[in-house]
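Single-structure report; data block below.
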Amino acid sequence: MAVWDLCHSAGALPVGLDEHGVDLAVGCTYKYLNGGPGSPAYLYVRRELQDRFDSPLPGWNSHVEPFGMRAAYEPAAGALRGRVGTPDILSMLALEAALDVWDGVSIEAVRAKSLALTDFFLECVAAYAPADRVESVTPEAHAERGSQVALRCDDAGDVMKELIARGVVGDFRHPDVLRFGFTPLYVGFGDVERAARVLGDVLGR
Ligand SMILES: *Cc1c(COP(=O)(O)O)cnc(C)c1O
C-alpha cells in the first residue's frame, strides 16, 4: 500500500492515478492548482479501498450521521469518511474559481508548456548568469523534471531577497538553493526571460 504525494504534480503534469493503480494520494491545491494560500487539501482513495479505508482525522463531518448526536463515532461510507470538520467555505470558493480556469485545458498541453518554460529558463540563465555563480541541480531529462528549477548558488539567501525586491519571486532553500516555480497557465516566456535577466544582473554586480 502506498500513498502518493501530489503537491508538486497535480496541475503540472499528467498523474494517471487510475492508470498506475495508485492506492491512496493526498495533495494541496495552492501550488499548480492556483487555489491560493489556505486553500483546501484533498484525498484520493482507489475505488476498491473506499469501503475500508480509515481516516486518522475523524471529525463530525465524516460521521455517518453528523447531526445524530450519538455518543459513539461511526464513519460515513466511502470517500465521505475522508472529511474532517467544517469546510472553509471562502477557501473552497476561491478554489472553485481557480479550477474553473482549467475547463477545456488539457494537462498534456500544460505539461508541454511547463517543460518549454523550464528549458527556456535554463537556457536564459546559461546566457545571462556568470557560469561560475550558479549550477543547475534540476534534471536535464524531461521525465525526471517537475515544473520547477533549482539552482545552487553560494549566497542564495541574499540573492533571493534581492530578486524578490526586484519582482522575481522564487524561494530560498537552505543552505544554497534558489528555487523557481513555473505555473504554465499564467507564466509566460516573457516572464521567464525577465526572471533570468534580473538574476543575471543580481549575480553580475
Ligand atoms: C507543499 C507540499 C505539501 C503541502 O503541505 P500542506 O500542509 O498542505 O501545506 C506536502 N508535501 C509536499 C511534498 C509539498 O511540497
Considering only residues of segment 1-12 that are within 14 Å of the ligand (Cβ to nearest atom) and among the hydrophobic types (A, V, I, L, M, F, W, C), which is nearest to the chain's Cα centre (by Cα)?
7
Evaluation of residue 59 against (1) under 30 Å from residue 142 (Cβ atoms); (2) more than 16 Å from the ligand (Cβ to nearest atom); (3) surrounded by 13 or more Cβ atoms within 10 Å (Cβ to Cβ) (one fails), failing number:
(1)
Contacts under 9 angstrom Cβ, first residue in segment 22-46 being within 13 Å of the ligand (Cβ to nearest atom), partner assigned to a loop (DSSP other than H, G, I, E, B) and among the acidic types (Asp, Glu), 6 or more apart
38/88; 39/88; 40/88
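Each value in this text was obtained by applying a stated rule to the coordinates, not by laboratory testing. Keep in mind it's a predicted model, so treat the numbers as computed, not measured. With ideal geometry, Cβ positions are generated from the backbone for all residues, glycine too; neighbour counts draw on all protein chains shown.
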